[in-house]
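Bear in mind these aren't lab numbers, they're just calculated from the coordinates by the rules spelled out. Note that the structure is a prediction, hence the values are computed from the model and not measured. Neighbour counts are summed over all protein chains in view; Cβ atoms, including those assigned to glycine, are modelled from backbone coordinates with ideal geometry.
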Amino acid sequence: MSGHTAPSLLLNDEQQMLSKTAHQFIHDRAPVARLRTLRDSKDETGFSRELWNEMAELGWLGLQIPEQYDGMGLGFFDLCVVLEQSGRELMPEPFVSTLLLGTQTLLLGGTDAQKKALLPGIASGETIVTLGYEEAGSHGDASMVATTARKSTAGFELSGAKLQVLDGHLAERIIVSATTSDSGYTLFLIDPARSGVTITRQFRIDGLNAAIVQLDAVPVERDDVIGEIGGGAVLLEAVFDRAGVGLSAQMLGASEQAFADTIEYLKEREQFGVPIGSFQALQHRAVSVYTELALTRSAVLAAARAIDDAPDDVPRLASLAKAIASETFMHAAKEAIQMHGGIGVTDEHDIGFYIKRAQATYMTFGKPSQHRQRWAELHGY
Amino acid sequence: MSDLEEFREDARAWVRENAPDSLRGTSGSGPFEGYWGGSKCEETDPDLLRWRDLGIEKGWTAPSWPKEYGGGGLSHEHEEIIHAEMKAIGVPRPVAGQGLAMFGPVLLEYGNDAQRAAHLPAIARGEMRWCQGYSEPNAGSDLASLQLKAERDRDEFVLNGQKVWTSHANLSDWICCLARTDPNAPKKQMGISVILADLNTPGITVKRIDLISGYSPFCETFFDDVRVPVGNLVGKENEGWTIAKAILDHERSSIGRSIARQPGSAQREVVGRTRKHLGVAEGVIPDPLLRDEIAALGMLEEAFHLTLARIQQSAASGTPGPEGSITKIVGTDLKQMRFELGMKVAGVDGLGWEGPGFDEDDLQYTRDWLRSRASTIEGGSSEIQKNIVSKRVLGLPEGKK
């Protein structure tokens, strides 16, 4: 905390209601077992368009989108309330691609025309927008950009390949980073229907949908630049801060659910004639996870609050939230499997999905060690 | 502006106007820092004594106690605000110690009018210092197996046995004891009573315990046919375990909070020691592994403070969550991490016990590091805390210990 007064870390009445409603809806309609069905049926979409549209009707997709673009005009904090609940059942719907990467890039760097063209569609559930930054050998470092944007008469020509682009298999628009001469890199909005774009579906461990986006001299106009020419790095850092906090809210929900399932199991499962939850060796480890969850919740709420109210605090609190949520989720997921014993490593049981998502989220938008280095820099050491 | 906000402005103005300059920035303003008082107190710092007197006059040594008992007659929210304003400029509370933090509240809740009138004003004025008499040589984590015998003899109790870890009994005036009044009770938690004893009573012997740090904050206290009036029984005879649990809960949350210090101070302390011992005056510390460790400490510290704030906010909103139970576990872990890292960066500079060739600050730090090892043991070990969270919060079934 930089000042003497801590930010408000409580949900107001409306947010508590939103959290309850989202919890019930997702619990009833989007159980984690869907991930198995979607995977085994090689579902073309990889998530439920129907659910996504229903959530749009409930107003959840446009919570943070300003009213002038057909959203509800609420804050990022409110969005995080829904994200946390979506994380509980590891929903594969395009929250990260569209509501975090796409929407935040547009809100932070988009022109009024770009926002008008895309945000209403995002709020209504029709439009999927994503962002591609991962490349061969970049190892999660978004500043390693080999994709190039060559100046042309109409604007630019993009060449290169982006990997693991979330929901890139069906996005209406894909934002990509590409180097623009020696002035750093720039973000461009591309229409995958353009000539020179090849999309190849990818399958990951965590049930999120992804694609390789191959660009061969793809023509884009000057109007398709997002933010400043050469301003990609600054913009992307701010986008990743927000996306990392949103992802942390999902990780918090996922950790809570994995932990709750594990506590249930500890109470039910009997060995040696007693519930295994009566063993102190397991009790103390369960308390350690509980403790980490309490700390993580505080960090996530503070970071989400800062995005709405205290922009100067965002970099450090976003790094705090991402680092701590990543470690907590991984710990909760590992302990969940261990405490479930043999059934925990079978594909038949749902608990195994959590460690797969934990691994993916750990590696996304900066590993904890990268955020600790950044935290150290921000604190002057 | 709400009443509380208005009160905060008044409290801020009063604290900033009256707190002596020499005390500012010296304290985390926890319940156990500053002037402990008592009849054996030899404090001579005029600023500390003046601050004490100003606090007494204002009723702000015990803001939430009734005025008739030397308090301020305010609510707990008001008290939180006063303490937060003292913390904001780093001045200690005008009077500190276990009497204010633990035994006063116990007497307010469980004592009778005579006991309150006899003890509370003296505690609020810092005139009488109190210590706890819970643990015994054979009753540590398993506190309910305590054996200090209290036998009724007409209008007196006769105490025989021994207490250990009695905090600063050598400097205290009164001790609050857990004693066994019914040795034949069917369960060990039954048959325990809370009895107060004046430490000047004949038959009480106090012996200091030297710790690995060289400090002696605790004592052994022996009871040999010690006679105290039955009026010193708090609550009902044989029903003291409920009170004991309330005292311990209170102690644990106080320890968690008092460990909190200023946000960011643990990280600053370790960074400062790193710069001093590694000779890096400013800028990036050129060891990425060390930076990672310090950042992990700084992040835990920040998350802990945010969690304390969240607990406080939800308590103030009338819906306290179960998170309060973890403050001692996390706070003491954080404290030990901080000292371990502070010692690690000092290397051999931190190996001095006393005498020449060592920096005074380093000698002190090393003693404090050793003292910090007790933090996860005293007031209920972390293991006992985890048993409690497991049972009360997670609802896991009780097993063999």
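For this structure, a couple of remarks:
- Cα-based equivalent ellipsoid of the stretch A:233-378: semi-axis lengths in Å, sorted from largest, via gyration tensor: 33, 15, 11
- Acute angle (nearest 10 degrees) that the helix B:265-278 long axis makes with the longest principal axis of chain B, alpha-carbon atoms: 50
- Principal-axis analysis of the Cα atoms of chain B puts helix B:360-372 at an angle of about 50° to the longest axis.
- Over 23 Å (Cα to Cα) - which of B:K149/B:K236; B:K58/B:K335; A:K267/B:K245; B:K163/B:K335; B:K163/B:K187 fall in this group: B:K58/B:K335; A:K267/B:K245; B:K163/B:K335
- Extreme residue, positive dipole direction of the stretch B:3-124, given options B:L107, B:W65, B:C41 (C-beta unit charges): B:C41
- Each of A:E172, B:E323 has some number of other Cβ atoms within 10 Å of its Cβ, and from fewest to most they run A:E172, B:E323.
- Contact order, relative form, for the stretch A:1-144: 24 percent (alpha carbon pairs under 8 Å, 6 or more residues apart, mean separation divided by residue count).
- Pairwise inverse Cα distances across the protein assembly as shown, averaged and inverted, put the Kirkwood hydrodynamic radius at 29.3 Å.
- Span from the the stretch B:352-401 Cα centroid across to the the stretch A:19-33 one, whole angstrom: 42
- Packing-based ranking of B:17-30, A:250-263, B:118-131, B:331-344 yields A:250-263, B:118-131, B:331-344, B:17-30, ordered from highest to lowest mean Cβ neighbour count within 10 Å.
- Note on chain A: Rg/Rh from Cα positions, Kirkwood definition for Rh, rounded to two decimals, is 0.98.
- Whole-Å semi-axes of the ellipsoid equivalent to chain B (Cα gyration tensor, √5λ, descending): 35, 26, 23
- The charge dipole of the stretch A:111-199, taken about its Cα centre with unit charges on the Cβ atoms of Lys, Arg (+1), Asp and Glu (-1) only, comes to about 240 debye.
- In the protein assembly as shown, the DSSP beta bridges split such that about 85 percent are antiparallel, to the nearest 5.
- Of the residues A:E327, A:E335, A:E348, the one that moves most in a GNM of chain A with alpha-carbon contacts below 10 Å is A:E348.
- If you bin all the Cα-Cα distances of the stretch B:80-149 at 10 Å, starting from zero, the percentages per bin are 18, 33, 32, 16, 2.
- Kirkwood Rh (inverse of mean 1/r, distinct Cα pairs), the stretch B:259-393, angstrom: 16.5
- Where Rh is the Kirkwood radius over Cα pairs, Rg/Rh for the stretch B:203-314: 1.19
- Relative contact order (%) - chain A, alpha-carbon pairs under 8 angstrom, separation at least six: 16
- Net charge, B:N232 excluded, C-beta distance under 10 Å - Lys, Arg +1, Asp, Glu -1: -2
- Cross-link partners of A:K151 among lysines, defined as those whose alpha carbon lies under 21 angstrom from its own and excluding same-chain residues fewer than eight positions apart: A:K162.
- For the stretch A:13-128, diffusion coefficient by Stokes-Einstein and Kirkwood Rh (Cα), 37 °C, 0.692 mPa s, µm²/s: 226
- Cα convex hull volume per residue for the stretch A:222-274 (Å³): 96
- For chain A, the longest principal axis of the C-alpha atoms and the axis of helix A:112-123 are separated by about 30°.
- Of all DSSP bridge pairs formed entirely within the stretch A:144-275, close to 95 percent run antiparallel.
- With only the Cα atoms considered, the stretch A:138-203 has a convex hull volume of 89 Å³ per residue.
- Counting neighbouring Cβ atoms within 10 Å and putting the fewest first, the residues A:M144, B:M102 line up as A:M144, B:M102.
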